[in-house]
Amino acid sequence: MIKALSTLQLSSGSPDQKRRELKDYFLDSFDTYEALFGVLNHSDAFYQRPEKLRHPLIFYFGHTATFYVNKLMFAKTISTRINPKFEALFAVGVDEMSWDDLNDRNYDWPTVDAVRRYRNNVRDLVLSLIDTLPVTLPVTWDSILWPIIMGIEHERIHLETSSVLIRQLDLQWVTPSSRWPICQTSGPTPNNPFIKVPEGMVSRNKTLDDQYYGWDNEYGTHKAGVKEFEVSQQLVSNGEFLAFVAEGGYKTERFWEDEGNQWRKYTEAEHPTFWRKSDNGYVYRAMLEEIQLPLDWPVDVNYHEAKAYCNYMSEKLGESVRLPTEDEWTRVIDCSGFKGNLFDEGLNIGLGKYASSEPVTINKQGEFFDIAGNVWQWTETPIYPFDGFKVHPLYDDFTTPTYDNKHNLIKGGSWISTGNEASKDSRYAFRRHFYQHAGFRMVKSNTKITVSDFDYESDTQVSQYCAFHYGFNRLGVANFAKASAEYCIEQNHGRSFTRALDLGCAVGRTSFELAKAFDHVDGIDFSARFIKTAISMQERGEVRYNTITEGELTQFNVNKAYDLELSDVLNKVSFHQGDAGNLKPQFDNYDLIFMGNLVDRLANPAEVIREVIKRVNLGGLLIVASPFTWLEEYTPRENWLGGYKDATGETLTSTQALIEVLANLAVPIGESCEIPFVITETSRKHQYTFSEFNAFQRIA
């Protein structure tokens, strides 16, 4: 039986002790992850797609290893990649999509042995860094060790999500193993009474020096009053849910919310995804085998199914039944008598018992069973930031793309939740149609549910860029994003207008403006926050954001595509999160590539530019715009493109340096020109800057 180590304690002990603990924790994660994929009995299994909205399993086998390298590169802990092709191919997964988004691209997946060799190289790299990097206690999120710990916790998340995919894989591809044992105990459907939970306050305050690792959304402060409610003593069991199925619950429209009905009709679901109807009743799919439906185990469902069951129970009981809110779940934890932060007190969590669920009447704490573990518990609460929330600079897209009222929190962890997932502070959210090892418990309450409405962008940097791209002109200066596209279109006159790439597209205005002339435009940016905003304009035809007027005072803004004359081109643009220094191979064959205010924020601009020009068709254009504000914070001094005197004492401008970098590959066309832009910090404070534009035609 595999039993995972608990998440690392970051403050106690000596530096040498912490180094040993970190090495053990890394190896425990890395080896457990490989042991999970060890249940696949043939290399062909790695290329199956058990969930059509996600990549085949080979992607996830490589993804967690490339995450280490990509984050260590971004943190500048290392300066050389192991395999740039892999670190682009395995960088971004296809998750969190709508259930009817069937975008299926062709990928040239490497062999399993090649990925395994790559993982071994990453293992050696990380172990070497653990042995040599300085250890200073406490380890906090600005520590040099943080990207390694982040990589470990990230892999533990994918340990669980990959186990869900394996659970959906056809049985022919897996072999049961004693290392992943299934619970052998089951019984009849248990009675599930409601327990009264008294009114009270809940409070959370995770600081950046907390003794345990956290993801960005866990930090900050939160206090709330919770009115009295009743909650089911146990998780809802398969036996309870079977009655809903038997009474036509999946065919009764009134039990389902609007979004749930859309999902139900699209999927034509008739029962939970891990059930299979047989001649002898329902069969239950555990991770590696099927058994007769265990009536006293928790049911695994998505939010829509859980919500429909609650509506069904409301009708049967004649009173309001729903899922708990996050605060109500926290109140249950507080009232259970649970002390501490890690859920490891004999619960079915962290692979401490089984590689499966077990009966809902086993793990009791206070008056409740399974306050955590067995399966995750869906809540009514879309994820939102606590007061004081800020993104980690190494992973700015961990949570912010989910602040959209479409991702509901799940709480408590499952039998395979390890590391940070198995902590009281953890806050994970998924789309409501998403399958995890997740179930639910019921709440009886007449309290009106209120959720935070984050249908606007409150992040200061993103809001500034929204105003910069879509807002009104300031100080009499024309909109820079629009002016940039107009310059590109003018320079491209007489050439092909089939495909363009806006590299470093930020929140997308230039991409849309280019689409007025080009048949198709790709917009790529490193920041998922920016891409999320661009897609918001594309999908909703507007962006909403707050800008600072003065002090803590803000102004709410709405900019609409119609008013900006963009409505007709929204669908001509595809946005992608990506790294300009490691572009995926499919981003190629462009008539024009625009790099707007990007080169002086790259670690190695010459290398990037020499690679990018190869993505331009012969005779096509590369247009580089930049204020050339060279800073060692972004670009090591030895990699600056000009902006200094060379070895002979002669001045080397950035434009001259660009020409030299592109020698024999592209030639400048026309003269350089400057276009001004204004970034508004407050209603009375602005950054006024000029960007120099240079156009190059590819010749070789």
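The values are calculated or read from the model by the stated rules, or taken from the named source; none is laboratory data. In this text, all values refer to a predicted model and were calculated from it rather than measured experimentally. When we count neighbours, we look across all protein chains shown, and the Cβ atoms used for this are built from the backbone with ideal geometry, even at glycine.
Okay, here's what the table says:
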{"quantity": "Some residue of segment 307-318 being surrounded by fewer than 21 Cβ atoms within 10 Å (Cβ to Cβ) and assigned to a loop (DSSP other than H, G, I, E, B)", "calculated": "yes"}
{"quantity": "Test for Ser6: is it under 24 Å from the mean Cα position of the chain (by Cα), part of a helix (DSSP H, G or I) and among the small types (Gly, Ala, Ser)", "calculated": "no"}
{"quantity": "Residue under evaluation Lys482, criteria (1) more than 30 Å from Thr554 (Cα to Cα); (2) buried (at least 17 other Cβ atoms within 10 Å of the Cβ); (3) in contact with a Leu (Cβ under 9 Å, 6 or more places away or on another chain); (4) charged (D, E, K, R), criterion not met", "calculated": "(1)"}
{"quantity": "Yes/no for Asn348 being touching an Asp or Glu at 6+ places or on another chain (Cβ under 6 Å) and outside any strand (DSSP E or B)", "calculated": "yes"}
{"quantity": "Flag for Phe594 being crowded, with 19+ Cβ neighbours inside 10 Å and of a type in the set (Phe, Trp, Tyr)", "calculated": "yes"}
{"quantity": "Every residue from segment 319-345 that is under 28 Å from Gly249 (Cα atoms), among the hydrophobic types (A, V, I, L, M, F, W, C) and not in a loop (DSSP other than H, G, I, E, B)", "calculated": "Val321, Trp329"}
{"quantity": "Some residue of segment 629-639 being polar (S, T, N, Q) and either within 28 Å of Asp588 (Cα to Cα) or in a helix (DSSP H, G or I) (or both)", "calculated": "yes"}
{"quantity": "Tabulated pairs, segment 288-299, first crowded, with 20+ Cβ neighbours inside 10 Å, second assigned to a strand (DSSP E or B) and β-branched (Val, Ile, Thr), C-beta under 7 angstrom, 6+ apart or interchain", "calculated": "Leu288/Val174; Leu293/Val283"}
{"quantity": "Options Lys52, Lys3, Lys23; residue that is at pLDDT below 95, assigned by TED's automatic domain parsing to the domain that holds Leu125 and surrounded by fewer than 16 Cβ atoms within 10 Å (Cβ to Cβ)", "calculated": "Lys52"}
{"quantity": "Of all residues making up segment 590-611, the number that are in a loop (DSSP other than H, G, I, E, B) and either under 26 Å from Lys482 (Cβ atoms) or not assigned by TED's automatic domain parsing to the domain that holds Leu662 (or both)", "calculated": "3"}
{"quantity": "Residue satisfying all of: in segment 259-306; of a type in the set (Gly, Ala, Ser) and part of a helix (DSSP H, G or I); nearest to Val231 (Cα to Cα) among these", "calculated": "Ala306"}
{"quantity": "Unmet requirement for Tyr212, which otherwise passes all of (1) at pLDDT 95 or above; (2) more than 30 Å from Asn446 (Cα to Cα); (3) exposed (fewer than 15 other Cβ atoms within 10 Å of the Cβ)", "calculated": "(3)"}
{"quantity": "Residues of segment 609-627 classified as under 28 Å from the mean Cα position of the chain (by Cα) and crowded, with 22+ Cβ neighbours inside 10 Å, total", "calculated": "1"}
{"quantity": "Residues that are of a type in the set (Ser, Thr, Tyr) and more than 13 Å from Gln292 (Cβ to Cβ), drawn from segment 186-195", "calculated": "Thr189"}
{"quantity": "Subset of segment 487-508 [in contact (Cβ under 8 Å) with a residue 60 or more places away in the chain and of a type in the set (Val, Ile, Thr)]", "calculated": "Thr498"}
{"quantity": "Among residues of segment 331-372, those that are free of Cβ contacts under 8 Å to residues at least 60 places away in the same chain and in contact with a Gly (Cβ under 6 Å, 6 or more places away or on another chain), counted", "calculated": "5"}
{"quantity": "Within segment 56-71, considering residues that are crowded, with 21+ Cβ neighbours inside 10 Å and touching a Gly at 6+ places or on another chain (Cβ under 8 Å), the one nearest to Phe434 (Cα to Cα)", "calculated": "Tyr60"}
{"quantity": "Qualifying position, being under 24 Å from Arg474 (Cβ atoms), crowded, with 17+ Cβ neighbours inside 10 Å, in contact (Cβ under 8 Å) with a residue 24 or more places away in the chain and touching a helix residue (DSSP H, G or I) at 6+ places or on another chain (Cβ under 6 Å), among Arg601, Arg529, Arg544", "calculated": "Arg529"}
{"quantity": "Top-ranked residue of segment 217-234 - restricted to ones that are closer than 10 Å to Asp387 by Cα and among the hydroxyl-bearing types (Ser, Thr, Tyr), ranked as surrounded by the most Cβ atoms within 10 Å (Cβ to Cβ)", "calculated": "Tyr219"}
{"quantity": "Subset tally (residues that are outside any helix (DSSP H, G or I), over 21 Å from Val174 (Cβ atoms) and either β-branched (Val, Ile, Thr) or free of Cβ contacts under 8 Å to residues at least 24 places away in the same chain (or both)) for segment 37-78", "calculated": "2"}
{"quantity": "Lys18, sole failed condition from (1) modelled with pLDDT of 95 or more; (2) crowded, with 19+ Cβ neighbours inside 10 Å; (3) touching a helix residue (DSSP H, G or I) at 6+ places or on another chain (Cβ under 8 Å)", "calculated": "(3)"}
{"quantity": "Those residues of segment 670-700 which are hydrophobic (A, V, I, L, M, F, W, C) and either out of contact with any helix residue (DSSP H, G or I) (no Cβ under 8 Å at 6 or more places or on another chain) or surrounded by fewer than 13 Cβ atoms within 10 Å (Cβ to Cβ) (or both), in sequence order", "calculated": "Phe690, Ile699, Ala700"}
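Results for (1) surrounded by fewer than 18 Cβ atoms within 10 Å (Cβ to Cβ); (2) among the hydrophobic types (A, V, I, L, M, F, W, C), shown as yes or no for each residue.
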site: Asn571; (1), (2): yes, no
site: Tyr590; (1), (2): no, no
site: Thr629; (1), (2): yes, no
site: Glu638; (1), (2): yes, no
site: Thr648; (1), (2): yes, no
site: Leu665; (1), (2): yes, yes
